[in-house]
Amino acid sequence: MSGVGNTVVTLPNGVKMPQIGLGVWQSAAGEATENAVKWAVQAGYRHIDTAPLYENEESVGVGIRDCGVPREQIFVTSKLWNADHGYENTLAAFEKSRKELGLDYIDLYLIHWPRGNAIVAKEGKKYLDSWRAFEKLYEEKKVRAIGVSNFNIHHLEDVLAMCKVAPMVNQVELHPLNNQAELRKYCASKNIYVEAWSPLGQGNLLADPQLTSIAAKHHKSAAQVILRWDIQHNIITIPKSVHKERIVENAQVFDFELSAEEMATIDAMNTNHRYGPSPDDADF
Ligand code: NAD
């Protein structure tokens, strides 16, 4: 499909993960999510990012079954919600996600949040118990890859110090206003792929004059420029939309290239701004 090369990255265990996926946070369960998944697959996406928190795993499963492409060709991510931390709870939560999705296996399972420092101080580092359960799910081949989300360097160090299988992916808030340069450097040194959530700044970055000016030069949109910037930085990215034309647009990023100067201009937009909570301060 023209312009939808959808490059893949190869995770440390050899599993291939498409670099662009469809995010479905705030996609309503039912037709909206089912259609978004189907349109995405038609547009060349082979990767969907959901979570029990989004309350649409079942609809993602329906979309995958109805999309006309074999399930094996689609990379599905789901996540362990915060209330389900702990060894046994994690195993039970995984089974629930798998049933909701109606899948035999999940491609990538992530710890959604480590939980904020105040909660961890009270309850202990339960994400380490969750990680042991992740390793069991991985050994049993119920998941093809395991990773984390919203982990800072100190959380990753905790896991790396105790794990048998290291996290393969860390999904974090990442966009031009918060490019996570330090965390990306650390993750690269540990063979952990970084995945961008809210890559478009939840839609807030799309009128930025620097981005729209670069976009105009390439006859592209600001959204496409940001996603291309992700690709060229080797970042996995999961833009969300439920609108067919935007879903298609967000995948048309393999037919142009940003210059080193344009990449540097976007890199320089960083202000460490977050649209979502900081992992250390999260109170949920
Ligand atoms: P996003 O940055 O992908 O922005 C999505 C919004 O941008 C849409 O709702 C729409 O308003 C707008 N948009 C999208 N494409 C557009 C286009 N081409 N033109 C104009 N407007 C466009 O925001 P997001 O949904 O927060 O993040 C993407 C995905 O990341 C989520 O759906 C979810 O799967 C994941 N996520 C994970 C976490 C986590 O804690 N792990 C947190 C937030 C999001």
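The values are calculated or read from the model by the stated rules, or taken from the named source; none is laboratory data. Note that this is a predicted model, so its numbers are computed, not measured. Only protein heavy atoms, including side chains, enter the accessible area calculation; ligands, DNA and RNA are left aside. Shrake-Rupley method; radii C 1.70, N 1.55, O 1.52, S 1.80 Å.
Taking the alpha-carbon distance from K126 and a cut-off under 18 Å, which lysines remain once sequence neighbours fewer than 8 residues away in the same chain are dropped?
Of all the lysines, those that pass the test against K126 - Cα under 18 Å, at least 8 places apart if same chain - are K79, K136, K164.
Would you compute, from DSSP H runs of 4+ residues alone, the mean residue ellipticity of the chain at 222 nm, taking -39500 (n - 2.57) per run and dividing by the full residue count, rounded to the nearest 500? Can you show the working numbers first?
On the way: 11 runs with 114 residues, N = 284.
The per-residue figure over the chain is -12000 deg cm²/dmol.
Heavy atoms only, probe 1.4 Å: what % of the accessible area of the chain goes to carbon and sulfur, would you let me know? Please list the in-between numbers first.
Working: 5760 of 11860 Å².
That share works out to 49 percent.
Can you tell which of E31, E55, E140 shows the greatest fluctuation in a Gaussian network model of the chain with Cα springs below 10 Å?
Of E31, E55, E140, the Gaussian network model singles out E140 as fluctuating most.
Which percentage, to the nearest 5, of the DSSP beta bridges contained in the chain is antiparallel? If you can, show how the numbers build up before the last one.
Numbers: 4 of 29 bridges.
Counting DSSP beta bridges with both partners in the chain, the antiparallel share is about 15 percent.
Can you work out the accessible area per residue across segment 1-159, with the rest of the protein chains kept in place, probe 1.4 Å, in square angstrom?
40 Å²
In whole Å, how far is the Cα centre of segment 158-222 from that of segment 253-284?
For segment 158-222 versus segment 253-284, the Cα centre distance is 6 Å.
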